[in-house]
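Okay, so here's the structure we're looking at.
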Amino acid sequence: MYKIITVRDTVRVLPSRFGEPLKEAIVDILNKDYEGLTDKDVGTILAITELKEIGTGRIIMGDGASYHDVTFDALVYKPEANEVVLGEVVEIVEFGGFVRLGPIDGLVHVSQVMDDFVGYDKKKGALYGKESKRALKEGDKVRARVVSVSARRGTRSGKIGLTMRQLGLGKLEWIKEARKEAKA
């Protein structure tokens with residue numbers, strides 16, 4: 001789920017940036033410090049959208065930088081448990097497939113790809129069902145459900161676990177086939 005959040009923080013502006021317009025320097029610092037950051041409670045910060053307020057700068061003895069309390073808006077993406085998402089398979093590995101969910105990737109473990117024994121074909125770069133003969137490869141469009149979300153506070157990475165082993169989930173072609181079979 002995408003949302004805009006308001007954040008309050010203190011920004012340290014180095015003396016080497018004192019000649020620049022303050023707003024530009026602070027926006028640049030915020031972009032470098034926050035964009036791509038993942039927080040378990042907030043999600044992944046995609047962009048700083050608006051700098052709302054810059055407080056008066058303070059200088060701390062022994063440090064030549066100025067410190068400014070700021071308020072800004074940020075665009076975040078936070079996948080929610082049980083949320084159904086559309087994505088594209090961007091990589092197939094022996095243990096599963098990575099699915100691009102807009103700004104971040106999730107993993108569909110081999111045990112969650114389909115209700116079949118799943119094998120890995122390294123030459124074709126595909127996961128395939130032994131009995132169903134269905135294959136999942138890079139570039140396939142899929143519908144999946146988020147089953148787990150984990151992130152360490154303040155890191156630039158998080159883990160999203162996905163499943164495609166439920167009715168209405170999987171490779172989009174599989175879903176269409178299942179609908180046709182249900183109608184017949």
Exposure proxy order (Cβ contacts within 10 Å, fewest to most) of 86, 127 | 86, 127
Using alpha-carbon coordinates, inclination of helix 22-34 to the longest axis of the chain, degrees | 30 degrees
Identify all aspartates and glutamates with a Cα-Cα distance to residue 141 below 15 Å; exclude those on the same chain that are fewer than 8 residues away in sequence.
-> 88, 91, 105, 173, 177
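Work through the residues other than residue 1 whose Cβ is under 11 Å from its Cβ and net out their charges, Lys, Arg +1 and Asp, Glu -1.
On the way: positive: 3, 78; negative: 80, 83.
Net local charge, residue 1 excluded: 0.
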Restricting attention to the alpha-carbon atoms of the stretch 2-77, what are Rg (one decimal) and Dmax (integer), both in Å?
-> 13.0, 41
Using the number of other C-beta atoms within 10 angstrom as an exposure proxy, rank 128, 67 with the fewest first.
-> 67, 128
Based on the alpha carbon coordinates of the stretch 84-183, what radius of gyration and maximum Cα-Cα distance (Dmax) apply, in Å?
-> 13.6, 49
Links that overshoot a 28 Å alpha carbon limit, given the list 123/171; 3/52; 123/180; 122/171; 78/171 = 123/180
Tilt, helix 172-183 to longest principal axis of the chain (alpha-carbon atoms), in degrees rounded to tens, equals 40 degrees
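The numbers here are math on the coordinates, done by the rules we state, and not lab data. Keep in mind the model is a prediction, meaning the values are calculated, not measured. Heads up, the Cβs are rebuilt from the backbone with ideal geometry, glycines too, and the neighbour counts pull from every protein chain shown.
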